Each structure stands twice: as C-alpha cells, then as structure tokens.
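J.: I have a structure I would like to understand better, so I am pasting it below and will then ask my questions one at a time.
The values are calculated or read from the model by the stated rules, or taken from the named source; none is laboratory data. The structure displayed is predicted, hence computed values, not measured ones. Positions of Cβ are generated from backbone atoms using ideal geometry, with glycine treated the same way; all protein chains shown enter the neighbour counts. Quick note on the areas: whole protein, heavy atoms, side chains included, nothing else; ligands and nucleic acids left out. Shrake-Rupley method; radii C 1.70, N 1.55, O 1.52, S 1.80 Å.
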Amino acid sequence: MGSATHTSDAATVPPIVLGIESSCDETAVALVRGDRVIIAQAIASQDAEHAPYGGVVPEIAARAHTERLAPMIAAVMGQAGLTLDDVDAIAATAGPGLIGGVMVGLVSAKALAMAADKPLLAINHLEGHALSPRLADSALAFPYLLLLVSGGHCQILAVDGVGQYRRLATTIDDALGEAFDKTAKLLRLGYPGGPAVERLALQGNPKAVPLPRPLKGSAEPHFSFAGLKSAVLRAVDSAAHSPADIAASFQAAAVECLIDRLDHALKRAGPFPALVVAGGVAANQTVRAALEGFANRHAMQFTAPPLALCTDNAAMIAWAGCERLAAEGWTADGDFTGDPLDLVARPRWPLDASAEAVRGAGAKG
Ligand code: KG4
Ligand code: ZN
C-alpha cells in the first residue's frame, strides 16, 4: 500500500460505477467502467402498465420502480459477478423527472452508498443523455452541438465539457416526443407513440396534409409543437386524409422545425465540429437522416448513439458518473467523497442554470 507502483497503477485503473435510472417509465440498472465498458445492464419498461392510459401515470410508475429496482440491482451485480466492494461509486438520476420515481432510485442509491461506504453521484438525467454519445464514441470530443429530443424535453445545448452546458433553445410548450405520443393517440396507434407514428409514416405521403411549422423562421430561438398537434387533431377530425398521410405529414413538419431551429442555433452560437442527437426521438430514422444531412451541409461530424443508448437507460447515468469522476480527478486510492447523502430529488433541474425560464419548458421529466 502506498508504494509508488501501487499509486501509478491506481491512477490508471478505470473506475466502476453502478448507475440507477427511474425518472420516467423505465427502471434501469447498469455497471459501467470508465474505459467505456458496459459490464452489465438491465432495463424494465413499464409500457404495458401505462398503455391503457395513453401516457405515463406517475403513481403507477413509482410503484413499479419500487417493486423492480432491488431485484434488478441484485441481478445486474450477479450477472457481472461483482459485489458492491468492487464498485467505486453509485450514481443515480436525481432529477429532473417524475418525482416519485426519482425518489425511489435516489433513496436506493443512498442506501447502497451508505451500506457499502461508497461515494454517491447525483446525476442530472439530461446530463446522462448529453454525455451518452461519448460512451459509444471515444473519438467524440468537446465541444459539440447537442439536440436532445425525448418525451419530456426538446432542447438544443452547447456541450462545452463535463458540467458545462449552454442551453440554446428549448420548447415553449410540448416536447417533440410528447407531440409524437399525442399524434399517436389521436391516430389511435397506442402507446408509446413515437415508434408507431414512424412505422405508419413509412406508408404515407409527407406532403399530403398541409400542417403548420410552428416558429419556423422565427427570430426567437425556441421550439413549439402544440400548434402542430392541434392541426393534427383537425386533420383527424376532418376525415379527409388517411392516417398514414397524417403520420407522414406530421413527421415531415416536425423534422422541418428541428432543422430550422438547429440552423438558428448554429448561426447564433456556432460553429461546432460535431452535431449529436440524443433522447428517445433520436431512435427515429427520418429524424436521424435529416440531422445527418444538416451536419453534412455544415461540415459537422454527426453522431447518434446506438438506439439502446438513445432511450432512457442506466448505462448513460453510470457513464455520466464516470465522466464526473474523471473530471474531478478521481483515483482508486484517493479520498473522493461524492455528493452529500441528504441531497434531495429535484422534479425540475435545468442543465444550464443560467438559462432563463421559458413558459412550458421542462414541465415534465
Ligand atoms: O428519452 P426517452 O426514452 O424518455 C424521456 O426521457 O422522455 O424518450 C421517450 C420518447 C417518447 O415520447 C417516444 O414516443 C419517443 O421518445 N420515441 C420516438 C421514437 N422512439 C421513441 N419518437 C419518434 N420516433 C421514434 N422511433
Ligand atoms: Zn430521457
């Protein structure tokens, strides 16, 4: 102990972080090593529980997280053949999100941290999404322009480094994933709606239904999707178009808004060497193709994490923990203490604390 050899070895040993995610309707646990190895992970979706309601019911979500989390942690540790002694820190989503679910994950992480005497890392769920592309792509360096599009968020961020985020745009009403889910509900496609709209859109004509492009060309930087959703409702009610044409036209309108707002952000804050997309809507192939085209036109590298890392998962939370350890100079024999155990879960937690509050933005996790 304490020999020069031990110290240099310790400095190069990558940390192992246990990650817990429970901020919406996925219960997830992962073990990730600092050299970008996902050692083991598990995800339990609650789609079946929420499907009858056409959206996530917070009480049902919290109860499902409570029932599933402890056995999932045991299963992931068992799968990896590790014990808590082998883990260097315990990371959990501490917000933003549905508060009941966030509390379930955070309390579990605190209990494990206390029992095993390991540091706690309270991770912002959005930071998990923002840094997840670097877990998949070791070549992705800071800074990059990030489009974060999920069920609860629709933001453009400049990611300058770990903990350094500038919000360039957000939504003034609905998030894009929410707009996909609402469109699916209007078209009676079930929940979750994004993948169903995407599938149906493949059979439709994206030019068939005239739909608005809210805030396109506007001098203000933000997104808005509420008007698009209302127009979809009118199109459905009119019965003048096929569901496939409505789905395709909705998707085309949404994508046009994304590109327009990205263009606006790039003009104001660019240039950036890379464009990165994260969040559940990044699973959409039409969205990805349009973003790739935009990146090519602006000579930017384009990165989208693999689909499993785009939607909510715990590997991104554990990885954000690894990034934090690296940024804060963690070493295996150092005295890193992590976050205080009395830290509270936050339903709202902007990544960029200096960004002005925007009406409607971040209303959900
Ligand atoms: O990131 P995520 O798993 O959870 C949140 O933090 O919100 O994102 C879920 C959202 C849902 O609104 C879902 O409909 C949308 O991502 N989504 C999609 C697709 N797959 C998931 N939207 C459009 N096309 C898809 N293929
Ligand atoms: Zn998410």
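J.: Run down Ala326, Ala318, Ala290 and say which single residue is at pLDDT 95 or above, open to solvent by less than 10 Å² (accessible area, probe 1.4 Å) and either under 16 Å from Ala274 (Cβ atoms) or not hydroxyl-bearing (Ser, Thr, Tyr) (or both).
T.: Numbers: Ala326 fails: open to solvent by less than 10 Å² (accessible area, probe 1.4 Å); Ala290 fails: open to solvent by less than 10 Å² (accessible area, probe 1.4 Å).
Just one listed residue meets the conditions, Ala318.
J.: Still on this structure: Given the options Ala290, Ala265, Ala226, Ala231, name the one that is within 16 Å of ligand 1 (Cβ to nearest atom) and in contact with a Pro (Cβ under 8 Å, 6 or more places away or on another chain).
T.: Numbers: Ala290 fails: in contact with a Pro (Cβ under 8 Å, 6 or more places away or on another chain); Ala265 fails: within 16 Å of ligand 1 (Cβ to nearest atom); Ala231 fails: within 16 Å of ligand 1 (Cβ to nearest atom).
Residue meeting the stated conditions: Ala226.
J.: Here's another thing I want to ask about it. When you go through Ala235, Ala244, Ala274, Ala253 one by one, which is the residue that is of a type in the set (A, V, I, L, M), under 22 Å from Asp137 (Cβ atoms) and open to solvent by less than 60 Å² (accessible area, probe 1.4 Å)?
T.: That would be Ala274, the only listed residue that is of a type in the set (A, V, I, L, M), under 22 Å from Asp137 (Cβ atoms) and open to solvent by less than 60 Å² (accessible area, probe 1.4 Å).
J.: Here's another thing I want to ask about it. Identify the single condition in (1) open to solvent by less than 10 Å² (accessible area, probe 1.4 Å); (2) more than 7 Å from ligand 1 (Cβ to nearest atom); (3) of a type outside the set (A, V, I, L, M); (4) closer than 19 Å to Thr286 by Cα that Thr170 does not satisfy, given that it satisfies every other one.
T.: (4)
J.: Across the stretch 105-118, what is the number of residues that are away from ligand 1 (no atom under 16 Å from the Cβ) and buried (at least 24 other Cβ atoms within 10 Å of the Cβ)? Spell out how you get there, then give the answer.
T.: Step one: list which residues in the stretch 105-118 are away from ligand 1 (no atom under 16 Å from the Cβ), which gives 106-118.
From what is left, the residues that are buried (at least 24 other Cβ atoms within 10 Å of the Cβ) are 106, 109.
Looking only at that region, the number is 2.
J.: So if I check each of Val57, Val13, Val37, which one is open to solvent by 10 Å² or more (accessible area, probe 1.4 Å) and over 22 Å from Glu323 (Cβ atoms)?
T.: Numbers: Val13 fails: over 22 Å from Glu323 (Cβ atoms); Val37 fails: over 22 Å from Glu323 (Cβ atoms).
On inspection, the qualifying residue turns out to be Val57.
J.: Scan the strands (runs of 3 or more DSSP E) fully inside the stretch 91-178 and keep the ones with 2 or more residues being in the same structural domain as His65 (by TED's automatic domain parsing) and within 14 Å of ligand 2 (Cβ to nearest atom).
T.: Numbers: elements: 120-124, 144-149, 154-161, 164-169.
By residue number, 120-124.
One line per residue, one yes/no per condition, for (1) among the hydrophobic types (A, V, I, L, M, F, W, C); (2) not in a helix (DSSP H, G or I):
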residue	(1), (2)
Asp237	no, no
Gln251	no, no
Glu256	no, no
Pro271	no, yes
Ala290	yes, no
Trp319	yes, no
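J.: A further question follows. Under 19 Å from the mean Cα position of the chain (by Cα), within 13 Å of ligand 1 (Cβ to nearest atom), farther than 21 Å from Asn124 by Cα and in contact (Cβ under 8 Å) with a residue 60 or more places away in the chain: is that true of Val255 in this structure?
T.: Working: under 19 Å from the mean Cα position of the chain (by Cα): yes; within 13 Å of ligand 1 (Cβ to nearest atom): yes; farther than 21 Å from Asn124 by Cα: yes; in contact (Cβ under 8 Å) with a residue 60 or more places away in the chain: no.
Criteria not met by Val255.
J.: Can you list residue pairs whose Cβ atoms sit under 7 Å apart, with the first residue in the stretch 139-156 being closer than 10 Å to Gly280 by Cα and the second being within 16 Å of ligand 1 (Cβ to nearest atom) and charged (D, E, K, R)? Count only pairs 6 or more apart in sequence or on different chains.
T.: Short answer, once both residue conditions are applied: Gly151/Glu178; Gly151/Asp181; Gly152/Lys364.
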